[in-house]
Amino acid sequence: MPPSIHPVHLVTVLRQKSLTPAIVFLTSRRSCDEALQAFEHAPDSLPPARQESITAVLDELTASYPSLQDHPLRKTVTTCGVAAHHAGHLPSWKIAIEELMRRGCLDAVFATTTLAAGVDFPARTVVLTQSGVRRDQDFTDLTIAEVAQISGRAGRRGKDSVGFAIVTPSPYMDLGVLIRGLTGRPEPVDSQFIIAYPMILNLLKAHPLDHIQSILAKSFAQYQMNAQAAHLEHRIEKLHAKLESYKPRECSDWLTQWSAYDQATRQTAMKLHARRHHPPEVRARLPYLTPGRVVAFPRFRGIVLRRYRSRGQRHEMVTVLRTGGVVAESPVADIMGVIDRTFDFAPAPAFPWAAPEALSWLTQQLEDLPKHLPFLTVPPAPDEGEGELVKSLGDLFPCPTCPCRPTCAKEFKAGNTVKQEWLHHTRTVQSLRTGLWHKFQERAEILQDLGYLDAAFKLTADGEWARLIRIDFSLLITELIRAQAFKDVTPATLAGLMACIAYENDRPDSFPRITGALASLVATARRMTEALAPYDDPPLLRADVGGLAERWVGDTTVTWAQLCRTTSMAEGDIYRLLSRTLEYLSQVHSLQATHPDLATVAAEALSRIRRGVLEELP
Amino acid sequence: MTRDELERALANLPFRLLRRLGRSIAGPPALRMGKRRLMHTIMAGAEANIARVEATIRTHQAEQQALAAVPASGGGASSEHKPGKPADLRALLEGIGVPEPRPFVPDDWQMEAVEALERGDVIVSVPTGSGKTYVAVEATRRAMHEDRTVVYTSPLKALSNTKYTEFCKIFGPEFVGIITGDRRDNPTAPILIMTTEILRNLLYDAAGGEIDVRLDTLGLVIIDESQFLGDSERGVVWEETIIFCPSQARLLLLSASIGNPHELAAWLTSIRPTPCHLVRHQHRSVPLRAGYLHPNGKLTPLFRTVTMPPSPSQAVLHPEAKRLFTMFEEDTLYTRRSG
Ligand SMILES: Nc1ncnc2c1ncn2[C@@H]1O[C@H](COP(=O)(O)OP(=O)(O)OP(=O)(O)O)[C@@H](O)[C@H]1O
Ligand SMILES: [Mg+2]
């Protein structure tokens with residue numbers, strides 16, 4: 001059995017059960033195309049009457065959209081009554097499919113989830129074959145709102161008495177996601193307010209800086225943050241009441257006092273722990289184990305070269321020089337006794353921890369030592385603890401004599417938790433209330449540094465025209481204009497660069513070569529994005545896509561079909577690229593007043609782009 | 001019942017009932033038997049237990065008849081006799097087809113929305129395909145009567161184009177214009193279709209001091225698919241449009257699927273001169289049912305109930321759908337491992 005149902009089989013079943021017309025949602029454009037290809041060899045074809053009605057609708061539409069005339073999918077659509085609909089197709093083709101669907105001529109359309117939003121494209125049945133969707137290279141679960149949009153396509157008012165959402169499994173499908181989507185409440189819409197540079201320029205064009213905060217306060221972002229802040233303030237009030245019981249006592253600031261003490265304790269705790277790890281007699285020896293000290297191990301004697309503790313180890317270690325010049329490492333606990341003899345030598349910072357001549361001298365000394373030597377009597381170390389620590393904190397910690405001390409010691413932990421929470425919330429509330437405004441100021445200062453705003457946050461001459469560029473990467477474009485990057489640019493090269501900036505897709509495709517002029521302009525733009533990197537996210541700036549726009553604008557005899565042949569990019573993507581380029585160019589064109597030459601070049605590029613397929617559409 | 005009749009009746013029993021019968025005759029070992037052996041066992045012990053066997057068969061048949069009595073249209077579906085639960089499938093597909101044509105009568109919520117616009121801003125949050133366009137068209141008509149400009153915005157060029165065609169048909173092409181990033185037709189018409197970005201830009205210009213008659217006479221701004229406010233890249237444009245929308249104009253926000261329309265309405269009320277009225281319901285005008293289609297072509301209901309469960313916690317899978325999906329998962333796991 002194949003992992004998921006075969007498209008032809010699927011449509012057969014849907015027809016059998018009168019579940020057509022249906023929209024089948026698939027993961028990728030490719031799977032839509034493959035599904036359609038599967039029908040090319042399907043044995044069944046539509047009854048002639050239905051084929052004729054499809055042909056009639058297509059012919060009717062061809063009058064307004066000539067590109068439908070020789071569309072390669074026309075035959076499959078007409079004979080099988082199924083179609084694919086995705087972003088790789090030209091808008092005119094998508095319009096045709098939508099119209100066929102509206103008139104009830106098709107049985108099934110294979111579509112990607114991009115169809116789900118907004119297009120008026122209903123059917124009796126929707127078929128869900130996946131629970132995830134590709135989003136910026138990632139594969140994420142469909143949201144409840146998305147499943148609702150998809151399943152909402154099912155059941156046409158006036159044409160169906162019931163609509164159907166049919167789930168058919170495919171590998172990696174998570175049924176739970178679909179069940180939640182079909183039955184759950186859609187996610188709330190949350191503000192995605194960002195402060196973009198054009199927004200700043202346009203706001204400051206119309207309002208003085210001191211009005212801005214009240215304008216930002218009207219945003220949904222601020223509304224939602226206020227609600228959050230109000231919620232936190234409620235909590236803060238409660239915490240405040242709780243803090244009452246930890247108010248000043250003998251001294252006003254005992255919580256801080258004790259938290260300093262607590263921190264110090266925690267810092268020393270590690271050391272203390274290590275030291276406690278050794279039995280008292282070993283601990284008592286530690287101060288004597290200085291470099292040059294002679295010590296006795298059960299079977300040999302040695303001279304201490306250094307004392308250390310390796311990372312993550314609790315045991316103190318010594319490096320000792322043994323008879324015969326051997327340098328060895330051993331734990332201090334192995335030392336049997338400290339001998340009352342030391343040698344002065346020059347220690348070295350690395351292995352073997354002593355200068356070579358010192359080492360041979362020490363080796364000699366060790367061998368020359370008398371056989372019997374008395375051990376030093378070392379009294380066992382007293383138990384170290386809080387007492388010593390408190391002493392070491394000295395004046396910082398006056399509490400030992402305070403009458404409140406026992407209560408404070410008992411309550412400090414709980415009090416401090418409350419106080420920390422209170423502090424944390426207070427800070428959060430502050431940033432919720434003023435964050436947007438601070439962000440605005442921060443970005444306005446960047447525009448000030450770049451020279452679009454003057455010292456009083458009014459638009460400079462550059463700011464006045466720069467505010468007319470209201471697209472993504474506006475800063476890059478205005479900076480390029482200021483840097484004279486478009487001096488003597490041709491319409492084709494300008495269109496090429498705008499295409500590079502506008503194109504946000506990183507689908508791997510192959511493209512025609514680009515001209516030197518465009519290549520050097522893209523290089524300039526790239527250097528500019530690097531310079532602007534601290535202020536703005538860089539565009540992809542794929543030089544290769546620019547080549548397409550450049551070619552289309554540069555040579556008006558190039559036909560759409562020829563253009564498509566020079567790249568592996570899908571028709572729909574080329575169309576979108578050029579129409580985005582149009583948008584960007586028309587923004588440049590709006591600079592007539594200040595940059596007449598550039599605006600003229602943009603106008604020329606605009607008129608050259610609008611031909612063939614790009615003219616046929618609204 | 002003859003032995004033959006009995007055998008045929010048994011073959012038609014669901015496995016669950018067969019097993020129960022088998023168990024009452026042969027005890028726990030019956031739980032491990034397949035269908036064929038179960039039938040064999042039951043037939044062998046049938047004489048001694050005839051009352052119980054016949055009672056089971058009769059109750060089952062009565063249940064089946066009761067279900068079949070529900071009229072099932074839709075051709076092929078009802079004649080299906082596959083093992084499993086044909087009755088449930090019939091219930092799933094019941095009533096499929098084209099409803100009787102009915103004269104157009106606006107729904108109550110549609111009238112409510114249109115009327116509420118006389119008093120203030122309106123948010124409409126109703127399921128997909130309910131008829132939000134009617135509200136938009138009716139409100140446009142009223143604004144036209146008062147000689148006011150109407151702007152309709154949508155997030156997608158494709159949708160703008162569809163709406164342009166639709167509005168041209170209703171109001172006449174001379175009254176409708178369209179402005180998108182790369183297209184501009186009849187841009188001084190009293191009804192303007194545009195993308196939200198374009199409207200935002202017009203509002204920027206007006207705030208910057210440029211005189212635009214269209215905005216001075218602006219009476220209604222329709223924002224379709226307003227859930228785009230939450231779009232991570234473009235959502236900010238929706239917010240700006242709403243914040244900068246001239247106070248004399250009414251806002252009409254249309255959207256399906258949002259979780260917090262109340263919050264949006266409260267926000268609008270807090271920043272706009274008139275209170276915002278929320279029109280909201282979750283009733284689908286065409287009921288929706290869910291099915292599960294196995295790769296082998298077998299269709300079963302997805303949920304135990306024919307209607308959509310009201311919440312995920314009440315969503316219980318149909319046992320057959322559950323069984324088939326588990327089987328699918330095991331199969332694909334196996335092929336994935338071996339492949
Ligand atoms: N009161 C009504 N009675 C019968 N049919 C109606 C009624 N109102 C609208 N319709 C029909 O319902 C269909 C869907 O309407 P419409 O496109 O306005 O839905 P929508 O709510 O905008 O959906 P979407 O969320 O997809 O945008 C249309 O064909 C319309 O004619
Ligand atoms: Mg709609």
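The values are calculated or read from the model by the stated rules, or taken from the named source; none is laboratory data. It should be emphasised that the depicted structure is a prediction, and the values quoted were computed from it without experimental measurement. Don't worry about glycine lacking a Cβ; one is built from the backbone with ideal geometry, like all the others, and counts go over all protein chains shown. Remember, those area values only see protein heavy atoms, side chains included, never the ligands or the DNA or RNA. Shrake-Rupley method; radii C 1.70, N 1.55, O 1.52, S 1.80 Å.
Estimated purely from DSSP H runs of n ≥ 4, each contributing -39500 (n - 2.57), the mean residue ellipticity at 222 nm for chain B is -14500 deg cm²/dmol once divided by its residues. Inter-chain neighbour count for B:176-188: the average number of beta-carbon atoms from partner chains within 10 Å of each residue's beta-carbon is 3. Here the stretch A:545-586 and the stretch A:475-544 have alpha carbon centers that stand 16 Å from each other. Within the listed set B:Arg148, B:Arg284, B:Arg20, the Gaussian network model of chain B (springs between alpha-carbon atoms below 10 Å) gives the highest mean-square fluctuation for B:Arg20. Ignoring lysines fewer than eight residues from A:Lys242 along the same chain, the ones with Cα atoms less than 20 angstrom from its Cα are A:Lys410, A:Lys413, A:Lys419.
Summed over both chains, the contact between B and A buries some 7000 Å² of accessible surface at a probe radius of 1.4 Å.
Place a +1 charge on the Cβ of each Lys and Arg in chain B and a -1 charge on the Cβ of each Asp and Glu, then give the dipole magnitude about the Cα centre in debye, rounded to the nearest 20.
Here the size comes out at about 2460 debye.
With Cα atoms as the point set, chain B shows a radius of gyration and Dmax of 30.2, 99 Å. Along the axis of the charge dipole computed for the stretch A:468-615 (Cβ charges of +1 for Lys and Arg, -1 for Asp and Glu, origin at the Cα centre), the listed residues A:Leu577, A:Ile469, A:Thr557 are led at the positive end by A:Thr557. Counting only other chain Cβ atoms within 10 Å of each residue's Cβ, the peptide B:308-320 averages 3. Span-like helix check, chain A: qualifying full DSSP H segments, with Cα axial length of 15 Å or more and mean Kyte-Doolittle of 0.5 or more, are A:491-502, A:516-532, A:596-609.
For the stretch B:205-317, pairs of C-alpha atoms spaced more than 20 angstrom apart make up 59 percent of the total. The spacing between the stretch A:29-90 and the stretch B:161-211, judged by their C-alpha centroids, is 33 Å.
Which order do the peptides B:86-95, A:492-501 come out in when sorted by mean C-beta neighbours inside 10 angstrom, highest first?
Working: B:86-95: 19.9, A:492-501: 27.4.
Top of the packing list down: A:492-501, B:86-95.
A simple spin-label model places the labels of A:Arg134 and B:Asp185 3.3 nm from each other, with each point 7 Å out along Cα-to-Cβ. Positive-end ranking of A:Pro512, A:Val133, B:Thr217 along the dipole of the protein assembly as shown, with charges on Cβ about the Cα centre, is headed by A:Val133.
Count the net charge of all other residues whose Cβ sits under 14 Å from the Cβ of A:Arg157, scoring Lys and Arg as +1 and Asp and Glu as -1.
+4
Expressed to the nearest 5 percent, the antiparallel share of DSSP beta bridges inside the protein assembly as shown is 40 percent. Using equal-weight Cα scatterers in the Debye expression, the normalised intensity of the stretch A:200-248 in log10 at q = 0.14 Å⁻¹ is -0.56.
Please report, in debye to the nearest 20, how large the charge dipole of the stretch B:1-69 is about its Cα centre when each Lys and Arg carries +1 at its beta carbon and each Asp and Glu carries -1 there.
On the way: 12 positive and 6 negative charges, 87 e Å.
Using only the charged Cβ atoms, the result is roughly 420 debye.
Across chain B, the mean sequence separation of Cα contacts (distance under 8 Å, 6 or more residues apart), normalised by length, yields a relative contact order of 16 percent. Taken about its Cα centre, the protein assembly as shown carries a charge dipole of about 3780 debye when Lys and Arg each add +1 at the Cβ and Asp and Glu each add -1 at the Cβ.
Taken over the protein assembly as shown, the convex hull of the Cα atoms encloses 322 Å³ per residue. At each listed q (0.15, 0.16, 0.18, 0.28 Å⁻¹), what is the log10 of I(q)/I(0) that the Debye formula gives for the stretch B:1-69 modelled as equal alpha-carbon point scatterers? Normalising to I(0) and taking log10 leaves -0.43, -0.49, -0.61, -1.35. Counting every C-alpha pair in the stretch A:519-575, the share spaced more than 13 angstrom apart comes to 66%.
Note on B:Lys157: lysines with a C-alpha under 26 Å away, same-chain residues under 8 apart excluded, are A:Lys94, B:Lys132, B:Lys169. Within the straight-line cut-off of under 19 Å between alpha carbons, the lysines reachable from A:Lys17 are A:Lys159, B:Lys82, B:Lys85, B:Lys298, sequence neighbours fewer than 8 places apart in one chain being disregarded. Would the stretch A:436-517 count as rounded, prolate or oblate if I go by the C-alpha gyration tensor, calling it rounded below 1.5 in a/c and otherwise prolate when a/b exceeds b/c, oblate otherwise? Note, shape of the stretch A:436-517 comes out oblate. Taking chain B as a Gaussian network of alpha-carbon nodes connected by springs under 10 Å, the highest mean-square fluctuation of the residues B:Thr59, B:Thr196, B:Thr162 belongs to B:Thr59. By accessible area, using a 1.4 Å probe on protein heavy atoms only, chain A has 53% of its surface on carbon and sulfur.
Shown here for the stretch A:506-582: trypsin sites (Lys or Arg not before Pro) in loop regions (DSSP other than H, G, I, E, B) with at most 14 other Cβ atoms within 10 Å, namely A:Arg513.
So what is the diffusion coefficient of the stretch A:7-183 in µm² per second by Stokes-Einstein at 37 °C and 0.692 mPa s, using a Kirkwood Rh over Cα pairs? Roughly 200 µm²/s, to the nearest whole number. In the stretch A:130-152, the residues whose accessible area drops by at least 10 square angstrom when the other protein chains are added to the isolated chain are A:Ala145, A:Ala148, A:Gln149, A:Ser151, A:Gly152; the probe is 1.4 Å and only protein heavy atoms count. With a Förster radius of 22 Å applied to the beta-carbon distance between B:Val98 and A:Arg15, the computed FRET efficiency rounds to 0.90. Of all GluC sites (Glu not before Pro) in the stretch B:232-324, which ones are in loop regions per DSSP and have a Cβ with at most 12 other Cβ atoms within 10 Å? Sparse-neighbourhood loop GluC sites (Glu not before Pro): B:Glu233.
Of the residues A:Ala593, A:Ile609, A:Trp437, the one whose Cα sits farthest towards the positive end of the charge dipole of chain A is A:Trp437 (charges of +1 on Lys and Arg Cβ, -1 on Asp and Glu Cβ, taken about the Cα centre).
Stokes-Einstein at 10 °C, 1.306 mPa s, Kirkwood radius from Cα pairs: D for the stretch A:468-615 in µm² s⁻¹?
For these conditions, the coefficient is 105 µm²/s.
Taking 7 Å steps out from each Cα toward its Cβ at A:His315 and A:Gln484 produces label points 7.5 nm apart. Treating r as the C-beta distance of A:Lys439 and B:Asp231 and R0 as 22 Å, the FRET efficiency rounds to 0.65.
Per residue, the accessible area of the protein assembly as shown comes to 47 Å² when a 1.4 Å probe rolls over the protein heavy atoms.
The stretch B:32-60 and the stretch A:591-608 have Cα centres separated by 89 Å. All other residues whose Cβ lies under 11 angstrom from that of B:Pro275 are scored, Lys and Arg at +1 and Asp and Glu at -1, for a net of +1. For the pair B:Asn12 and A:Glu281, label points projected 7 Å from Cα toward Cβ lie 9.6 nm apart. Considering all C-alpha pairs of the stretch A:278-368, those separated by over 16 Å amount to 48%.
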